[in-house]
Amino acid sequence: MHRLLGKRVLLVDHQKSGGEAIARVLRAHRAVVVQAEDGTEALDLFERKPYDVVLTEYELREMKGDVLAEAIKAFDPNQRVVLMSGFLNLLRRSRHLGFSIERPSPGHSPRLKILHDANQLFVDAILLKPCSLDQLAEALVGPESAPRPAARP
């Protein structure tokens with residue numbers, strides 16, 4: 001998947017097995033992946049180096065993924081942040097996110113649609129696990145035709 005080639009991804013997941021599985025897929029498609037196990041470590045890594053995208057699990061130990069996303073956006077409002085979860089009910093409790101589930105076409109997984117009339121959003125995409133490689137790539141880099149903002153120095 002050429003869309004991931006060379007993309008720097010900060011992957012935040014407190015579950016080693018889940019994070020490693022996603023990291024392997026991303027690395028197999030030539031993305032550069034740096035992993036963090038919690039929000040504090042992720043913020044420390046984020047402040048030291050630029051990333052094309054931050055991919056964070058919602059359910060983290062000391063801070064939820066939406067809180068991490070808010071902190072990252074406060075530092076760099078243009079940073080692409082993707083929130084992922086395998087638990088739809090947890091996402092519904094997030095204080096910032098409003099979304100609906102789009103009905104899937106036959107043979108496809110449901111997709112989440114962010115509702116822009118919700119409170120201030122701090123994520124660029126929501127990824128419901130499990131997902132396809134195409135869904136992962138689109139969440140990480142956006143639609144193929146979308147322009148990408150310049151990375152911070």
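For the stretch 21-64, what does the alpha-carbon gyration tensor say about shape, rounded, prolate or oblate, given a ≥ b ≥ c as the root eigenvalues, a/c under 1.5 as rounded, and a/b over b/c as prolate? Numbers along the way, then the final one.
Numbers: a/c = 2.60, a/b = 1.39, b/c = 1.88.
Oblate.
Distance check, please: which entries in Lys49/Lys129; Lys7/Lys49; Lys73/Lys129 exceed 21 angstrom between their Cα atoms? The partial results should precede the final answer.
On the way: Lys49/Lys129 27 Å; Lys7/Lys49 13 Å; Lys73/Lys129 23 Å.
Going by Cα-Cα distance, Lys49/Lys129; Lys73/Lys129 fall outside the 21 Å limit.
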*Specify the inter-centroid distance of the stretch 123-139 and the stretch 1-24, based on alpha-carbon positions, in whole Å.*
12
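Each reported figure results from applying straightforward, stated rules to the coordinates on display, with no laboratory input. Because the structure is predicted, anything quoted here is derived from the model rather than measured.
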